[in-house]
1. Is the range 106-122 home to any residue that is farther than 23 Å from HIS272 by Cβ and basic (Lys, Arg)?
2. Of all residues being touching an Asp or Glu at 6+ places or on another chain (Cβ under 9 Å) and either among the charged types (D, E, K, R) or surrounded by fewer than 20 Cβ atoms within 10 Å (Cβ to Cβ) (or both) in the range 180-207, which is farthest from PRO115 (Cα to Cα)? Just the residue, please.
3. Can you find a residue that is of a type in the set (Lys, Arg) and in a helix (DSSP H, G or I) anywhere in the range 255-273?
4. In the range 221-237, is there at least one residue being closer than 30 Å to GLN33 by Cα, touching a Ser or Thr at 6+ places or on another chain (Cβ under 8 Å) and at pLDDT 95 or above?
5. Could you tell me which numbered condition VAL62 fails, if it satisfies all but one of (1) modelled with pLDDT of 95 or more; (2) surrounded by fewer than 21 Cβ atoms within 10 Å (Cβ to Cβ)?
6. Somewhere in the range 31-45, is a residue within 18 Å of ALA277 (Cα to Cα) and not basic (Lys, Arg)?
7. Wholly within the range 86-184, which strands (runs of 3 or more DSSP E) include no fewer than the required count, namely at least 3 residues that are touching a residue at least 24 places away in the same chain (Cβ under 8 Å) and of a type outside the set (Val, Ile, Thr)?
8. Of all residues in the range 48-73, count the ones that are touching a residue at least 40 places away in the same chain (Cβ under 8 Å), under 15 Å from the mean Cα position of the chain (by Cα) and either over 23 Å from VAL137 (Cα atoms) or part of a loop (DSSP other than H, G, I, E, B) (or both).
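The values are calculated or read from the model by the stated rules, or taken from the named source; none is laboratory data. Note that the structure is a prediction, hence the values are computed from the model and not measured. Heads up, the Cβs are rebuilt from the backbone with ideal geometry, glycines too, and the neighbour counts pull from every protein chain shown.
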Amino acid sequence: MTSKMITAAAAGTWKLGDLTVNRVGFGAMRLPQTGEALIPGAVPRPRDQAIGVLRRAVELGVNHIDTAAFYFSSLRSANELITRALAPYPADLVITTKVGPQRDQSGEWLPHATPRQLRGQVEENLRQLGRDHLDVVNLRVVGTDSIAERFGALAELREAGLVRHLGISNVTPAHLAEAESIAPVVCVQNAYGLGMRSDQDAFVRTCGERGVAFVPFYAIASHGRQSGASGREAPEVLEIAGAHEASPAQIRIAWTLHRGQHVLAIPGTGSHDHLAANVAAGGLTLSEDELDVLESVHRRGSE
């Protein structure tokens, strides 16, 4: 499909609390480096290239950017690039960040933050982004233990005005129920995509019923995760892509958006061409027959 004149508004909008965003956003994880993301020694991406992609994303109507202070390489941090490229920020731009994971200066992973350390992480994001408050903060979770103490710490920061809205990431339905008993939750971020994690299907529907945005990560990369898409695609995906003169990645994004109006896409890239194609995927309409075929691919790939 052509990406000419198609903007992020093509897929419609959703509200994160009182903040309206276009359903096609941008994930900043891959901006600071090339190759596999979030590994020590990753090759820094040229600064001008990363800044140019961010500015072009906004020109194409992207007003939802997902980032984190732990997205960095040896020379670049996603938050620094966002600030350099976009500050002073457009009035409608919503920046979502994550807290919980920690990396040392060499990029090695450390134990997740304690409730007391979460305030420091929020303040670090505020400094890096040049903001007096954060639009949305997601608590990134590992495991199935209670999140009450950590989410409660973020709820206190929300009450203090440092955070506008809260979300949770890498979680279970039980975590959502626990978090909602403490403070409003505007979004859930979990790994999910065509052919990956069909066990999340019911959770996706639950989020929609509760008015909570579901924001999949690795929706294009699928099982490739941080290393990116593998390039191997099911014949059915290739056939549907050909029928729409689209790429398989565009079909994956379109499928994601067809899972519900509350489902938001945050594909990330350091390429201008891929950026335009990702945004244009929001204008793709899949037929019921095509969705049925892709559903079978989804079930088969998740086995």
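1. First pass over the range 106-122, keeping only residues farther than 23 Å from HIS272 by Cβ: 106-122.
Now restrict to residues that are basic (Lys, Arg): 116, 119.
Within the range 106-122 (the criterion being farther than 23 Å from HIS272 by Cβ and basic (Lys, Arg)), the answer is yes, since at least one residue qualifies.
2. SER198
3. no
4. The answer is no, given that none of the residues of the range 221-237 is closer than 30 Å to GLN33 by Cα, touching a Ser or Thr at 6+ places or on another chain (Cβ under 8 Å) and at pLDDT 95 or above.
5. (2)
6. The answer is yes, given that some residue of the range 31-45 is within 18 Å of ALA277 (Cα to Cα) and not basic (Lys, Arg).
7. In the range 86-184, the matching strands (runs of 3 or more DSSP E) lie at 134-140, 163-169.
8. Result for the range 48-73: 4.
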